[in-house]
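This report refers to the structure that appears directly beneath it.
The values are calculated or read from the model by the stated rules, or taken from the named source; none is laboratory data. Bear in mind that the values here come from a model prediction, so they are computed numbers and not experimental data. Cβ coordinates were reconstructed from backbone atoms using ideal geometry, including for glycine residues, and neighbour counts include every protein chain displayed.
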Amino acid sequence: MTSQILDSSASTTRERGQSVFPELEALLPLIAKPIQYVGGELNAVTKPWSDATVHWALMYPDAYEVGAPNQGVQILYEVLNEQADVLAERTYAVWPDLESLMREHEVPAFTVDAHRSVADFDLLGLSFSTELGYTNMLTALSLANIPLHAIDREDHPIVVAGGHAAFNPEPIAQFIDAAVLGDGEEAVLLISNIVKSWINAGRPGGREGVLLELAKSGCVYIPRFYDVEYLPDGRIKRVVPNRPDVPSRVTKFTLMDLDAWPYPKAPLVPLAETVHERMSVEIFRGCTRGCRFCQAGMITRPVRERSITSIAAMVENGLEKTGFEEVGLLSLSSADHSEIGDLARNLADRYEKTQTSLSLPSTRVDAFNVDLANELSRNGRRSGLTFAPEGGSERIRRVINKLVSEEDLIRTVTTAYGAGWRNVKLYFMCGLPTETDEDVLQIAAMAKEVIRAGREASGRRDIKCTVSIGGFVPKPHTPFQWAAQLDHESTDARLQKLKDAIRNDKEFGKAIGLRYHDGKPGIIEGILSRGDRRVGDVIETAWKNGARFDGWSEHFSFDRWIESAHFALEETGVDVDWFTTRERDYTEVLPWDHLDSGLDSEWLWEDWQDALSEVAVDDCRWTPCFDCGVCDQMNTEIQVGPTGVTDLPMPSARVSAVLIQGLCGN
Amino acid sequence: MANKPPERDLAPVIQKLRLRYAKRGRLRFSSHRDFQRALERALRRAGVPMAYSAGFSPHPKISYSNSAPTGVASEAEYVEIGVTELCDPQKLQAELDAALPPGLDVVEVIEATSSDFSSRLEASLWEMEICAPAQEVMSAVGALMESTEVLVERKTKSGLRVFDARSAILLMESVTESAVTGPGGDQMPPECVILHVVVRHITPSVRPDDVLTALKQVGNLVPLKPIRVTRLAQGPLNEVGDVGIEAEISIRDPFDPDRVLV
């Protein structure tokens, strides 16, 4: 037994679900930050393998420090493990130092919970927040000895993609067995039930049998059951099911009534340092602000608020279960919660005397937002404040439907600097449709105005403003899905002009920090975002050429991607530019047209035309519906307050207070 | 106005408690910083009335001493905390242990009634499990103990450092049974030798990997897999008679002075 554990060939004799930790352990002293691979987090769950019928490995395809705090994975992990006959464990991308040792010593891809081989699981669920995780999926499949191509798999896990990137899974269609659109909570339960019935029935029809059952549900996309035909010019002619019983369109999941799903109930507390050293509570899902560049805002409609009583209960319960000292109130635009004022005041009252700090990812530009931030930082912890005007000129802000006037911004930052905040961060994008140099140079003018106003309001010269700029990448299921992406040379040239305009300013230049990335990664993100099935070979070639961790600038290589794309697309007649910098017209069949986000494509097209005419559209939460299609299509509705509750009951006996009494003092 | 730290009720420290904790099994791969974060969260979870420092970012009053390197297990790590209400050490031990993940285990808590705790940590007893033929290991041990000086190199933040690893080693002997129990204490693989090594705390510190480097250098030792190390004890050194006579070198419990006064 002992010698088997030491022998690397033991992999062939290992029982299903048996731990590979002894083999992994021998490698851990040889690598950086071994703690990220050992699991054992507070609130982690391990179940006996034989207790479950359905076994899920959940992967966040990035490093542990990014993946472990991810809310989506934590929620699904809990929802699944609450089921008696289902088991879920987590796995993350391994860094190249461990990858090469695992290959050398034949240690397979493993979960961090019970260190089981990923290949032993019935399902491998991947959560793609970004397309830049695709190559990490291929590393994981290969380390798990799972064939890269779905059609070559036999008794292997069913590979399911989810997350925002799964709204166009076509570029990874050849690697995945299934994709799920939308909210995962009910989706994973549905899939678990279908897979369980299939297993209990003796696996009728084999692998294809269960995939067909999943496809018939109408809300699980099985790429192999759809054929893509192309036109001579390279555009898609049509995408059609190649089986009867398979629906022609697959619809997204929408979770209604967030109060009924207060997850995560026991957030994980990693031992390793992660990117978010705090607990998060999602205060609402969806956004109807209608920013035209924002995929998240479009695909997560409608707005569904969590009630302030249930938020407060989650904050309290989560703090008790984790011991975190910071709580983030998350959503796409947290200040938009209909009862955010009452919530902030109540939470600030409740935690004022503790060392707990509260934060609101504050991007909305208005003075109310500053009041909220002041309220939440009453007990003293004031970091920077962040606002996102997104566009430098008022014209471009009309194009992107970000309705912020320069006056709004100046009034907001004046309030902030006046209230003692010393650093204000401003987020912008570069490369937006119809954008000119002038629009981007307006960012410099705006930042100078911010500093001028800030110095006046605070009476100090040492206040700062940090300008962060991201390159715009057009995304599927948004009004900009037809737009031409700006080429990286033009992006870089525009940013250089902006940099010069800021640096050359003697009066304000030193008070303004500028952060941006070059335009190259955005082009690769662009082809991965709006690509079709032909892009699959590009991903595979790039991965074989060494692409890993593409979201990390120290690992990303533009040249490797471009060379791989040339090679992989050679016979197709299309190229990187065709996928990225080419504008599409209304008649073109887009690769994701058979995937239903609820948004009516005519509404999207009209909104795109409105963008080009610089016409802004309001938020349907406080104006009549203008038929984006979601509520009708999905049979859903906007769920917002007021609930009528303004004062939250103070906890009758806070657990920690009880503990203090029992433990210490009188 | 907001540029001054806000007024807070800064309750004074009215009691200091000393904790001995263990780092076991897979959690031996946690770093000192990982442990610090875990402990601070566990203190909050357990509702321990911590005293906080003043300032913009108040931090709980905790002093750490002499932590074992990442990857090295330990049965004897020490931490001191300041609290604002009198606490029962036994209850605190149980609550805090329950609030920490298994593998980071609070073994003992006592009220601090003496000062100068960290200077009491004069030496450590390390258990090193080295997988290599016994003869090779023991001949390397003999060669090392016969040397008067063995210079080793280690990369530090300030660059490559060369120092003597030999003079800090007071005792090195093989034992037949591992003293490590609990999680992670699986059966000993064949072809492994267990050494108990007493190392004096000097500057620069001589760590188990420096001892291994020294063994490799003087004895051409090539372990078949990474060695497994556990700190079994640290504390005041009992040194009677000549250095090198094993029965007379031992490590006392650093909590003894606090116990005497209670």
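Which one of these is within 14 Å of chain B (Cβ to nearest Cβ), out of contact with any His (no Cβ under 6 Å at 6 or more places or on another chain) and acidic (Asp, Glu): A:Glu339, A:Glu352?
Exactly one residue qualifies, and that residue is A:Glu352.
Evaluation of B:Asp97 against the conditions (1) at pLDDT below 95; (2) crowded, with 18+ Cβ neighbours inside 10 Å shows that the sole unmet condition is (1). Residues that are closer than 21 Å to A:Tyr134 by Cβ, over 25 Å from the mean Cα position of the chain (by Cα) and surrounded by fewer than 22 Cβ atoms within 10 Å (Cβ to Cβ) within segment A:98-107 comprise A:Ser100, A:Met102, A:Arg103, listed in sequence order.
Restricting to segment B:102-120, give me the number of residues that are touching a residue at least 40 places away in the same chain (Cβ under 8 Å) and within 18 Å of the chain's Cα centre (by Cα).
Looking only at segment B:102-120, we keep the residues that are touching a residue at least 40 places away in the same chain (Cβ under 8 Å), and these are B:102-114, B:117-118, B:120.
Still in the running and within 18 Å of the chain's Cα centre (by Cα): B:102-110, B:117-118, B:120.
So the answer is 12.
Here is a check on your reading of the model: is B:Ser63 in the same structural domain as B:Val193 (by TED's automatic domain parsing) and surrounded by fewer than 20 Cβ atoms within 10 Å (Cβ to Cβ)? Working first, answer last.
Values: in the same structural domain as B:Val193 (by TED's automatic domain parsing): no; surrounded by fewer than 20 Cβ atoms within 10 Å (Cβ to Cβ): yes.
Answer is no for this residue.
Annotation: of all residues in segment A:504-521 being surrounded by fewer than 23 Cβ atoms within 10 Å (Cβ to Cβ) and within 22 Å of the chain's Cα centre (by Cα), the one that is nearest to A:Ser100 (Cα to Cα) is A:Pro521.
Output the residues belonging to segment B:70-88 that are at the interface with chain A (Cβ under 10 Å from one of its Cβ atoms) and not aliphatic (A, V, I, L, M). Explain how you work it out, then say what you get.
Of the residues in segment B:70-88, the ones at the interface with chain A (Cβ under 10 Å from one of its Cβ atoms) are B:70-72, B:83-88.
Within segment B:70-88, B:Thr70, B:Gly71, B:Thr84, B:Glu85, B:Cys87, B:Asp88 meet the criteria.
Looking only at residues of segment B:133-176 that are of a type in the set (Gly, Ala, Ser) and part of a strand (DSSP E or B), we find that the one that is surrounded by the fewest Cβ atoms within 10 Å (Cβ to Cβ) is B:Gly159.
Against the definition (outside any loop (DSSP other than H, G, I, E, B), of a type outside the set (Val, Ile, Thr) and farther than 29 Å from A:Ala296 by Cβ), how does A:Ala501 come out, yes or no? Yes: the conditions hold for A:Ala501.
Candidates in segment A:407-433 are the residues that are more than 22 Å from A:Arg460 (Cα to Cα) and crowded, with 21+ Cβ neighbours inside 10 Å; of these, the one that is nearest to the other protein chains (Cβ to nearest Cβ) is A:Phe428.
Of the residues making up segment B:89-128, those that are more than 14 Å from chain A (Cβ to nearest Cβ) and either aliphatic (A, V, I, L, M) or part of a strand (DSSP E or B) (or both) are B:Val107, B:Glu108, B:Ile110, B:Ala112, B:Leu121, B:Ala123, B:Ser124, B:Leu125, B:Trp126, B:Glu127. Scanning segment A:126-147 for residues that are closer than 25 Å to A:Trp49 by Cβ and touching a Phe, Trp or Tyr at 6+ places or on another chain (Cβ under 6 Å) turns up just one, A:Ser127. Considered as a group, the residues in segment A:251-292 that are touching a Phe, Trp or Tyr at 6+ places or on another chain (Cβ under 8 Å), within 14 Å of another protein chain (Cβ to nearest Cβ) and not aliphatic (A, V, I, L, M) include one that is farthest from A:Ser331 (Cα to Cα), and that residue is A:Pro270. Selection of strands (runs of 3 or more DSSP E) fully inside segment A:49-162 by the criterion of at least 3 residues being at pLDDT below 95 and on the phi > 0 side of the Ramachandran plot returns nothing. Put simply, of A:Leu343, A:Leu329, A:Leu271 the only residue that is under 30 Å from A:Gln36 (Cβ atoms), more than 21 Å from the chain's Cα centre (by Cα) and surrounded by 24 or more Cβ atoms within 10 Å (Cβ to Cβ) is A:Leu271. Scan segment A:22-47 residue by residue and report those that are part of a loop (DSSP other than H, G, I, E, B) and under 22 Å from A:Pro264 (Cα atoms). Scanning segment A:22-47 gives A:Val38, A:Gly39, A:Gly40, A:Glu41, A:Asn43, A:Ala44, A:Val45, A:Thr46, A:Lys47.
Would a scan of segment B:239-254 turn up a residue that is hydroxyl-bearing (Ser, Thr, Tyr), modelled with pLDDT under 95, touching a strand residue (DSSP E or B) at 6+ places or on another chain (Cβ under 8 Å) and surrounded by 15 or more Cβ atoms within 10 Å (Cβ to Cβ)? Don't jump to the end; show me each part of the working.
The first filter runs over segment B:239-254 and keeps only residues hydroxyl-bearing (Ser, Thr, Tyr), leaving B:250.
Then drop every residue that is not modelled with pLDDT under 95, which leaves B:250.
From what's left, touching a strand residue (DSSP E or B) at 6+ places or on another chain (Cβ under 8 Å): B:250.
In the following step, the residues that additionally are surrounded by 15 or more Cβ atoms within 10 Å (Cβ to Cβ) were identified as B:250.
Looking for residues that are hydroxyl-bearing (Ser, Thr, Tyr), modelled with pLDDT under 95, touching a strand residue (DSSP E or B) at 6+ places or on another chain (Cβ under 8 Å) and surrounded by 15 or more Cβ atoms within 10 Å (Cβ to Cβ), one finds at least one in segment B:239-254, hence yes.
When A:Gly163 is tested against (1) surrounded by fewer than 21 Cβ atoms within 10 Å (Cβ to Cβ); (2) within 19 Å of the chain's Cα centre (by Cα), only condition (1) is not met. For B:Gly55, the test of being crowded, with 21+ Cβ neighbours inside 10 Å and either within 10 Å of chain A (Cβ to nearest Cβ) or more than 28 Å from B:Glu127 (Cβ to Cβ) (or both) is failed.
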